[in-house]
């Protein structure tokens, strides 16, 4: 495909070429339905996610490839959180009429790269023109051999653990909002998250792992979901949160708090796991885990400071009633603050030069 306008038939033809069938696919793209063959004796998992321009991403810093990668990654993460193996994906894509074939090709190739890495076949979907912005809807189907890990399985005395560092995605987003051209590791963590698919499958086979959830909306919200579904409380020690040096450095650069990114920033797509103490070694052999707290018999989800005091935290992301992702209008606020700081610094420098 060249840098020309997209036609629906041309788009479908190109997607059919790129997204060839795979294991368990009798009929892929090209008919009214895909025909799939799950393995005998396995439970089928199904998940779907929407990504909407100016809600989940901004085109001023997210490339078509970033959008395609992330749209698939967030769904693979859901399957990982159930201890399952992702198998098939369906892609619904709506783009403005101004989109070029080169942009669509970049979108598809990045999605295909992630799909190939996890042996996922893209088997169908839909396309449409959009009156405003990109809209992507992914549905992923997966399988699980063992009983899937649910949010409702946590029990008092369980350890609470996570599979990797927290706050990197929120740090990357903050850097991108301030400087849309940012392309460091933190920005990449936000734009192209790595779903913990293999870790999820390995943890899914550990009987002592009692519950899992992927950290999409932030630790404060997602741990609350486990507590609610399991009818338990939880206690987390903030000093035990795995926050890496790059995230702390970004927080210092932007004069903010790395801990708030780790607890409420969201979109880390690490796995939050509850595990019986006796199974800690087995679970840690299945995936690298950092224990951050424990499940309690009842009561609230508490986050304790270094002094042991309960600390109030902002909630994670909530589409309708809580703290929304920045709107396009709000998105300019970090830029204005950066510009204001630069103007202030320039004025101060000019005055100092005059004084000399």
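Read the figures in this text as sums done on the coordinates, not as results from a lab. Everything quoted here is computed from the prediction, not taken from an experiment. Cβ atoms come from the backbone with ideal geometry, glycine included; neighbour counts cover every protein chain shown.
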Of all DSSP beta bridges in region 151-317, antiparallel share, percent nearest 5: 80 percent
- line: Sorted on mean Cβ neighbours within 10 Å (highest first), peptides 291-299, 40-48 come out as 291-299, 40-48
task: May I ask you to derive the FRET efficiency for residue 97 and residue 278 from their Cβ-Cβ distance with R0 = 51 Å, giving the value to the nearest 0.05?
output: 0.30
task: Using a Förster distance of 22 angstrom, determine the FRET efficiency expected from the C-beta separation of residue 253 and residue 311, and round it to 0.05.
output: 0.40
Cut-off 19 Å (backbone N to label point 7 Å along Cα→Cβ of residue 60), residues of region 183-200: 183-184, 187-188, 190-191
message: Highest mean first, how do 66-72, 109-115 rank when packing is the count of other Cβ atoms within 10 Å averaged over residues?
response: 66-72, 109-115
- line: Expressed in nanometres to one decimal, the distance between label points 7 Å along Cα→Cβ at residue 44 and residue 239 is 5.1 nm
task: Give the distance, in whole Å, between the Cα centre of region 164-192 and the Cα centre of region 111-144.
output: 23 Å
- prompt: Hey, can you rank 276-283, 88-95 by average C-beta count inside 10 Å, highest first?
  reply: 88-95, 276-283
